[in-house]
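Following: one structure in structure tokens, then a few remarks.
Since every read-out is calculated from the coordinates, none of them should be taken as a lab result. Treat the numbers as computed from the prediction; the structure is a model and nothing was measured. When we count neighbours, we look across all protein chains shown, and the Cβ atoms used for this are built from the backbone with ideal geometry, even at glycine.
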Amino acid sequence: MKPRLVLASGSPRRKKLLEELGWDFEVVVSPADELHDEAVDYRVLCQQNAAIKARAVAQNYPDSIVIGADTLVCLDGIPLGKPRDEEEARAMLRSLSGRVNYVCTGVCLCGPRGREQVFHEVSEVEFRKLSEEDIIEYMDLVHTLDKAGAYAAQEHGERIIVAVRGDFSNVVGLPVARLQQELESFHF
């Protein structure tokens, strides 16, 4: 019998990506607090946060496979999380304007008998050169405060993004192709 899947995230984007795959899963929002440390490599930080989130939920679902995830945008080696307010969101979009940033999603699978698998995926996102007017218009269309780097590639991304190199679903918040591979090889 296959264990049930539990998504340890309240992200509507992650939930939608899993639904589009046709998977049967339950959503349980992780109570864990994320780590914020610019001294830690963003790929490692994403994996650490994904593991913290998954472990916090897995302790109450020992017979399930719990999926924890964390996404960060990285510019010049500095992770950009979710902006605190609109002013910080505008500043993030200004800093991304005309540049390439990297989006990393760390994923942790916690399964029965303490089995754990942690991985990450990185995609490259090239931004258009944005004017102040472009930034204001984009922020009028998209709620930027709940998104790493203050942007969502899936929401009016054509207004701000020139190209995505790598897994687009990773930029949205969950690398579904890699997740599917990892789940298939997950031994429990």
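Per-structure values
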quantity: Sequence-distant residues sharing a close amide H with Leu174 (under 5 Å, placed H); calculated: none
quantity: Cubic angstrom per residue, convex hull over Cα atoms of segment 5-185; calculated: 105 Å³
quantity: Leading residue at positive end of dipole, segment 73-188 (Cβ point charges), from Pro79, Pro112, Ala148; calculated: Pro112
quantity: Residue (of Asn60, Asn49, Asn101) at the positive-pole extreme of the chain, dipole from beta-carbon charges; calculated: Asn60
quantity: Cross-link pairs beyond the 24 Å C-alpha cut-off, checked among Lys16/Lys147; Lys16/Lys129; Lys16/Lys82; calculated: Lys16/Lys129
quantity: Net charge of Cβ neighbours under 15 Å - reference Tyr151; Lys, Arg +1; Asp, Glu -1; calculated: -1
quantity: Neighbour net charge for Gly114 - beta-carbon separation under 14 angstrom, K R +1, D E -1; calculated: +1
quantity: Max mean-square fluctuation residue, GNM over the chain, Cα-Cα springs under 10 Å, options Arg113, Arg94, Arg55; calculated: Arg113
quantity: Computed [θ] at 222 nm, deg cm²/dmol, the chain (DSSP H ≥ 4; -39,500 (n - 2.57); rounded to nearest 500); calculated: -10000 deg cm²/dmol
quantity: Burial ordering of Lys16, Lys147, Lys82, Lys129, fewest other beta-carbon atoms within 10 Å first; calculated: Lys129, Lys16, Lys82, Lys147
quantity: Pairwise FRET efficiency - Gln180 versus Glu38, Cβ, R0 = 30 Å, nearest 0.05; calculated: 0.40
quantity: Vicinal HN-Hα couplings computed from phi for segment 161-169 (Karplus, 6.51 cos²θ - 1.76 cosθ + 1.60; Hz; Gly/Pro x); calculated: 10, 8, 7, 10, 10, x, 6, 4, 4
quantity: Net charge of neighbours whose Cβ lies under 11 Å from the Cβ of Ser169, counting Lys and Arg as +1 and Asp and Glu as -1; calculated: +1
